[in-house]
Amino acid sequence: MAHASVIGCGNMGSALVKGLSRTSTHEVTAYDVDPDALDRLSEYPVRTTTDLAEATESPIVVVAVKPDVVGAVLDELDLSPDQTLVSFAAGVPTAFLERRTEATVVRVMPNLA
């Protein structure tokens, strides 16, 4: 079973958490600074935490926060080269992400049309 962590449980992050939790192939850890955001995920089989270090133990770490706080979040992460960082942040270049982490960086652009 694959393990992924989602940092930021707003609209995009919570949608990803909900979708992954419905599969039998992913174990999910959800992180948010807002306990209410985590409470909204209580009906799903996910582990929730307000401890960022706990959330970064996964081999796949998804950063689903607003673009203006990506830098601050990345400054708090200590990811290794064997981890993958996935970013949903619009307007945040891959080069910016790569300069701030040793992890492999993947940038995705969701289409909400």
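The values are calculated or read from the model by the stated rules, or taken from the named source; none is laboratory data. The shown structure was predicted, so the numbers you read here are calculated from the model rather than taken from an experiment. With ideal geometry, Cβ positions are generated from the backbone for all residues, glycine too; neighbour counts draw on all protein chains shown. Ligands, DNA and RNA are excluded from the accessible area calculation, which covers all protein heavy atoms including side chains. Shrake-Rupley method; radii C 1.70, N 1.55, O 1.52, S 1.80 Å.
Could you grab me the full set of residues in the stretch 73-94 that are of a type in the set (Gly, Ala, Ser), farther than 19 Å from SER14 by Cβ and open to solvent by 50 Å² or more (accessible area, probe 1.4 Å)?
Let us first name the residues in the stretch 73-94 that are of a type in the set (Gly, Ala, Ser), namely 80, 87, 89-91.
Applying the additional criterion that residues be farther than 19 Å from SER14 by Cβ yields 80, 91.
Scanning the stretch 73-94 gives a single hit, GLY91.
Take the conditions among the polar types (S, T, N, Q), more than 20 Å from MET12 (Cα to Cα), surrounded by 11 or more Cβ atoms within 10 Å (Cβ to Cβ) and modelled with pLDDT of 95 or more and apply them to THR104. Does it pass? Yes, satisfied. In the stretch 53-72, the residue that is most open to solvent (accessible area, probe 1.4 Å) out of those that are outside any loop (DSSP other than H, G, I, E, B) and over 12 Å from VAL6 (Cβ atoms) is ASP68.
Take GLU98 and decide whether it is outside any loop (DSSP other than H, G, I, E, B), at pLDDT below 95 and on the phi < 0 side of the Ramachandran plot. No.
State whether the residues of the stretch 97-108 include one that is acidic (Asp, Glu) and within 11 Å of the chain's Cα centre (by Cα).
Taking every residue of the stretch 97-108 in turn, none turns out to be acidic (Asp, Glu) and within 11 Å of the chain's Cα centre (by Cα).
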